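Where a number appears in this text, it was derived from the coordinates with a stated rule and is not lab data. Computed from a predicted structure; not experimentally measured. All Cβ positions, glycine included, derive from the backbone under ideal geometry; neighbour counts span all protein chains shown.
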Amino acid sequence: MNKTSVHRAARAAALTLSFALPIVAMPASAHAETIKVAFVDALSGPMANVGETMLKNLQFAADQINAKGGVLGGKTIEIVPFDTKMSPKEATIALKQASDAKIHFMLHAISSSVASALLESVNRQNERYPDNRMLYLNYGSVDTSFTNAKCSFWFYRFAANSDMKTEAKVNEMAANKSIKKLFIIAQDFPTAHDAVQLSIDLLKKKRPDIEIVGTEFHPMGRVKDFTPYAGKIKSSVADTVIAASFGNDLSLLIRSGREIGLNVNYYTFYANGLGVPGAIGDAGVGKVKLITEWHNNAVPTENMERYYAGFKQKYPDPKDEFISFPGKLAIEMLAKAIDKANSTDPREVALALEGMKVTAETGEVTMRKEDHQASLPLFVATLDKKGAPGVRHDLDGSGYGFKNNVRIEPLMTALPTTCNMVRPVK
Amino acid sequence: MDFLIVSLLNGLSYGLLLFMLSSGLTLILGMMGVLNFAHTSFYMLGAYFGYQISRWVGFWPALLIAPLVVGGIGALVERFGLRRMHRYGHVAELLFTFGLAFMIEEIVHLVWGRAPVEYRIPAALDRTLFSLFQFQYSAYRAFMMLVSLVMLAVLYFGLTRSRTGLIIQASLTHPQAVEALGHNVPRTFMLVFGGGSALAGLAGVIGGNAFITEPGMAAAVGSIVFVIVVVGGMGSLYGAFIGSLLIGVLQTFSAASDLSLRKLFELAGMHAALTGPTAELASVKLSQLAPILPYFLLVAMLILRPQGLMGIREEE
């Protein structure tokens, strides 16, 4: 035996072992004791920190249920993560992996394009393989079409959709008599254009006296210096701005506004994004308004405070923030549906889930039967410094949090739907 | 008239910022023929070091220390990494810096996390310096412009008047002769690379608190810096200066304008009855396109004048 053949043998052995070991090392899955729920979302890429935070949020919600006895007489909910890499193609692969692992429930929130791909895949899979169906629980996508034209029996949305939030925002603006001139700025993509058009149409009906002095769309994530846009807002003499952007674009815009001395109020949906309140900082105090399903100063009841404190205790790093109330709702209502159906068959659970009413900490939440959209209370809040009256908690340790202004009843944002739900017979 | 002056001031200040970022890159490219993909990563490191050091000892010491640290890292990268790649040619050097950029980004993820960090403008500069036509200009923006101009002056005089600068310039075209005269040419290159990286680091310390410091910041400015270097002429400091100002002013003016094809037609007296996709295309405003105009300029420059505004044709 010479050196080359020894090398070759060693290489072959190593290769064989590397394939064999994972199979051998796989533990026998304890199907009897746990009910697996797939977390299919962005665990790598630019939104990875949001994905990781959402996972922690959901894990905590599952822990609470398991601590109280779990579901179906003692079975625990186990959350199994899969990475979508925030790409529709990778997400489809992740979904396949979850299905292959015989998981029948999927939680997802980040990215509407990924949501669209997942919805299509789930519909197709459930039609082709009725023995291996997947229930898609979405707790973050706002694209209204998912519960209208694209509605599906297998899709449930626990967050407010874009039209609902826009309705709440416009109602709030309509009630504010000090708004005279409005400037609208958003990121340049189709759903944003639709949302802006809806805002304009609704405002024309409810407050025709408000003058829209400018509409601006900017490329997403490409603008470093928002001074020209802030300057445009200033020249237009607007007193209010609808800032529909999210992430760094929103923070940079508001900071530019402060730099040039812009004195306006901003209406946003995304000012509570991870890292955003800290990035906006003083520039937004008293000026930035948020429409949301929940924020950590919205419901100062004992139950809510205890839940929030429990989360902060399990995840003490300030960057791990509890941000997704809809995610909590998704887990809690899923558990209730499994118990109500007394089964983990996706179709049975789905039938139990639609029409379900629960009393959550924020108020009454109804999972509408007609379109699988959750109807729930919304809140309007203003950015402020931690410690100011009404701002007991801040966000991600930044020193800035939201002060609650108004609670909007579910009925005010219960909108008609174009959904023609097709229910499977078996 | 006031629109013109305000936009010009904004454009110039943004352009000077871009110059701070691209000066180091074009120097390294001109001196060593290496397109440093990790240049904006050094910018990011400068911002993060600036953040960390400000938290320990304050902004002003950080302004001095952080660029030096980044420059030191750059020098080490050149000495122990890039130098070994030199014998394999330009492509190998490029790939090395490309991989380095990814590595630096992951290290930043590990140390500081993926969310933005709160790197704040120092309180002393966080106020309005003056008002022009109701637009306020912050003291910090003026400070950024000042540093950028000082950087240009120091670079120019350093390269043309100092002994080290003359050795650097000579090493570019006649390295063997310079070495024969007894100068340490490899060490000169290390100095240039370290110096260029330090410049990027300085841009990071200053820009990181004005624009948000987060792991994606390197990738976000990577493309625009490349555009400036190509438009200005690879290796030309003057070119980078003019290119930065040109792009800064171009982007600012177009972002502030409401012009669209449709409006142009209307101004000319033609009210075209457009429908369908043509209508949408005609209504696209210049301000929507503003951030991508530099790339149109890049393509135009490469077609019409590939050596850039002030670049010299490479004689290899």
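Taking segment B:1-53, how much of its Cα-Cα pair set, in percent, is spaced more than 14 angstrom apart? The share of Cα pairs beyond 14 Å in segment B:1-53 comes to 66 percent. Peptide A:213-226 has a mean shielding of 5, counted as Cβ atoms of other protein chains within 10 Å of each residue's Cβ. The Rg/Rh ratio for chain B is 1.02, where Rg is the radius of gyration of the alpha carbons and Rh is the Kirkwood radius. The distance between label points at residue B:80 and residue A:388 comes to 4.9 nm (points 7 Å beyond Cα on the Cα→Cβ vector).
Do you know the relative contact order of segment B:32-76, to the nearest whole percent, from alpha carbon pairs under 8 angstrom that are 6+ apart?
Averaging sequence separation for qualifying contacts and normalising by length gives 33 percent for segment B:32-76.
The GNM of chain B, with springs linking C-alpha atoms under 10 angstrom apart, assigns the highest mean-square fluctuation among B:128, B:213, B:26 to B:128. Sorted largest first, the principal axis extents computed over the alpha-carbon atoms of segment A:256-320 equal 42, 23, 15 Å. What does the net charge come to around residue A:249 if you take all other residues with beta carbon closer than 13 Å to its beta carbon, with K and R at +1 and D and E at -1? Surrounding charge for residue A:249 is -1.
Of the beta bridges in the protein assembly as shown, as assigned by DSSP with both residues counted there, near 40 percent are antiparallel. The residues packed around residue A:275, meaning those with a beta-carbon under 11 Å from its beta-carbon, carry a net charge of -2 if Lys and Arg are +1 and Asp and Glu are -1. Segment A:199-328 has equivalent-ellipsoid semi-axes of 31, 19, 12 Å, by the square roots of 5 times the alpha carbon gyration tensor eigenvalues, sorted largest first. For the residues of A:235-248, the average number of beta carbons from a partner chain within 10 Å of their own beta carbon is 1. More than 33 angstrom separation, counting every C-alpha pair in the protein assembly as shown; what % is that? It works out to 57 percent of all Cα pairs. The string of couplings for segment A:172-181 from the Karplus curve (6.51, -1.76, 1.60, θ = phi - 60°) is 5, 5, 4, 6, 8, 5, 7, 7, 10, 10 Hz, one whole number per residue in order, with x for Gly and Pro.
Residue by residue, segment B:23-36 carries 3J(HN,Hα) couplings of 4, x, 5, 6, 5, 4, 5, x, 6, 10, x, 9, 8, 7 Hz when phi is fed to the Karplus relation 6.51 cos²θ - 1.76 cosθ + 1.60 (θ = phi - 60°); x denotes Gly or Pro. Spin-label model, residue B:278/residue A:100: points 7 Å from Cα along the beta carbon direction are separated by 5.2 nm.
Over chain B, what is the relative contact order in percent, taking alpha-carbon pairs closer than 8 angstrom and at least six residues apart?
32
When only Cα pairs below 8 angstrom with a gap of at least 6 residues are kept, segment B:114-208 shows a relative contact order of 16 percent.
Projecting label points 7 angstrom from Cα along Cα→Cβ for residue B:149 and residue A:150 puts them 5.3 nm apart. The mean count of C-beta atoms from other chains within 10 Å of the C-beta of residues in B:121-134, rounded to a whole number, is 1. With R₀ set to 41 Å, the beta-carbon distance separating residue B:132 from residue B:219 gives a calculated FRET efficiency near 0.75. Note on chain B: GNM, Cα springs under 10 Å; of B:200, B:38, B:220, the largest mean-square fluctuation is that of B:220. With the cut-off at 18 Å, report for segment B:140-201 the share of all Cα pairs above it, as a whole percent. Percent of Cα pairs beyond 18 Å in segment B:140-201: 44. Evaluated at q = 0.13, 0.15, 0.20 Å⁻¹, a Debye calculation over the C-alpha positions of segment A:267-426 (equal weights, vacuum) places log10 I(q)/I(0) at -0.70, -0.87, -1.24. Fully extending the segment from residue A:205 to residue A:348, taken as 0.36 nm per residue of separation minus the present Cα-Cα distance, adds 47.2 nm. What translational diffusion coefficient, in µm²/s and rounded to a whole number, does the Stokes-Einstein relation yield for chain A at 20 °C and a viscosity of 1.002 mPa s, taking the hydrodynamic radius as the Kirkwood radius over Cα pairs? D, rounded to a whole number, is 93 µm²/s. Build a GNM of chain B with springs between Cα atoms under 10 Å apart, and of B:132, B:246, B:64 the one that fluctuates most is B:132.
Shown is the FRET efficiency for residue A:72 and residue A:370, computed with R0 = 35 Å from the Cβ-Cβ distance and rounded to the nearest 0.05: 0.80.
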